[in-house]
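To keep things clear, I will list the structure first and then write my remarks on it.
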Amino acid sequence: MKKISVIAVLASIMIMAASVFSFAEGGLELVSSFPEDGQTNTSMENLGVKLTFSSPINSKEAQAADADKFKIVDEDGEEVPIKVLFSEKNDGLVLVLADTDEGFTAKNNSEYKLTISGDVVDNEGNTLGADKTITFKTYNQAVNNAVNMVMMCVMFGGIMILSLRQQNQKKEEDEANTPDSAKEAFNPYKEAKRTGKSIEEVKAEQAKKEEKEAKKKARKKKKTEEPQEKKIENCAELLNNVYHVHAPAPKNKADRSIEALRASRKAESKGSKSKSKKK
C-alpha cells in the first residue's frame, strides 16, 4: 500500500509540473487590437495600433527584449519609422505608433501592415509563439471632402430658400397693407403697348388679377375676424334631461293635470292647422 501511495503522489507531481510547463509555453496571447485586422477608414493622424496582451509585458527586461519585435510597412513594402510604448498602469497594453518626428506622413486611402514577432516575451518569460499580422487602411480624404462639400451646399441651399420665402412673404404683406391710393394706377394702353396685346385682353387680365386679389384679401379678413358667439335658442337639443315647454304652466292647479295639458295641446295644434289652411 505504501508503494502504491508513493507512486500516486509522484504521478500527481509529474502531472502538475507538465501542466505548469505547458501553461508557460502558451501563457502569452494577443487579446485585442485597435484598429482590428482588416479595418478601413482609420485615422491618418497618430497612425498606429493599440495592442492588448493577456499577461504583463512592461518589465524592464521585457521592454528591452521586445523593443524591436514590432514592425509596420506600407502597401509598397517600405518600413515605417515607429516608436513602441509600454504602459506602466495597464500591464498588458502596448502602443505601436508611427514616428512623425522622423518625417513620416500617412498616405491617403493607403494600406498598412503591423507585424508582431512570435518572440515577444512577457514579464514571466512566456513567448507569443507565432507571428501575428494586423492590416488596416486609412480613410479616403477625397471622398470625405466631397461628402462635406455636398452637405455644405445642401445647408446653404436650404438657408437661401428659406430667406427667399421670407422675403416674398414680406413683400406680399407689404403690398396687401399698401392703400390703393398709393399704388400706381393701371393704364391699359401702356400695358398693351408693353406686352403687344390688345386693350381688351389687357383689361380682361387685369380684371382677373383684381378679382383674385380681392378674394385673397377677403380670405385674410375672414381669418382675422373673431368668430361671434352662437346664441342657443333651444337648450333641450343640447342638454340631457331638459325638455322644451310649449306654454307656461296654468295658474289654476286643476288645469295642471295631464288630461288638461293634453287637451290644451290638442287645441293649440288644431288652431295652428286652421290658421295654415286659411293662409
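Of the strands (runs of 3 or more DSSP E) lying entirely inside the range 47-86, those containing at least 3 residues that are under 43 Å from the mean Cα position of the chain (by Cα) and under 23 Å from Asn126 (Cα atoms) are 48-53, 82-86. Does the range 91-103 contain any residue that is surrounded by fewer than 10 Cβ atoms within 10 Å (Cβ to Cβ) and in the same structural domain as Lys50 (by TED's automatic domain parsing)? Yes, because at least one residue in the range 91-103 is surrounded by fewer than 10 Cβ atoms within 10 Å (Cβ to Cβ) and in the same structural domain as Lys50 (by TED's automatic domain parsing). Once the range 191-225 is narrowed to residues that are assigned to a helix (DSSP H, G or I) and among the acidic types (Asp, Glu), the residue that is farthest from Glu172 (Cα to Cα) is Glu200.
The single condition among (1) closer than 20 Å to Ser43 by Cβ; (2) more than 38 Å from the chain's Cα centre (by Cα) that Thr127 does not satisfy is (1). Pairing residues of the range 115-134 that are touching a residue at least 60 places away in the same chain (Cβ under 8 Å) and over 17 Å from Gly48 (Cβ atoms) with residues that are crowded, with 17+ Cβ neighbours inside 10 Å and among the basic types (Lys, Arg), at Cβ distances under 9 Å and at least 6 apart in sequence or on separate chains, gives Val121/Lys69; Leu128/Lys69.
Put simply, of Ala185, Ala130 the only residue that is surrounded by fewer than 12 Cβ atoms within 10 Å (Cβ to Cβ), at pLDDT 85 or above and assigned to a loop (DSSP other than H, G, I, E, B) is Ala130.
The values are calculated or read from the model by the stated rules, or taken from the named source; none is laboratory data. Keep in mind that what you see is a predicted model, and the values were worked out from it rather than measured. Counting neighbours? That spans all protein chains shown, and the Cβs are built from the backbone with ideal geometry, glycine included.
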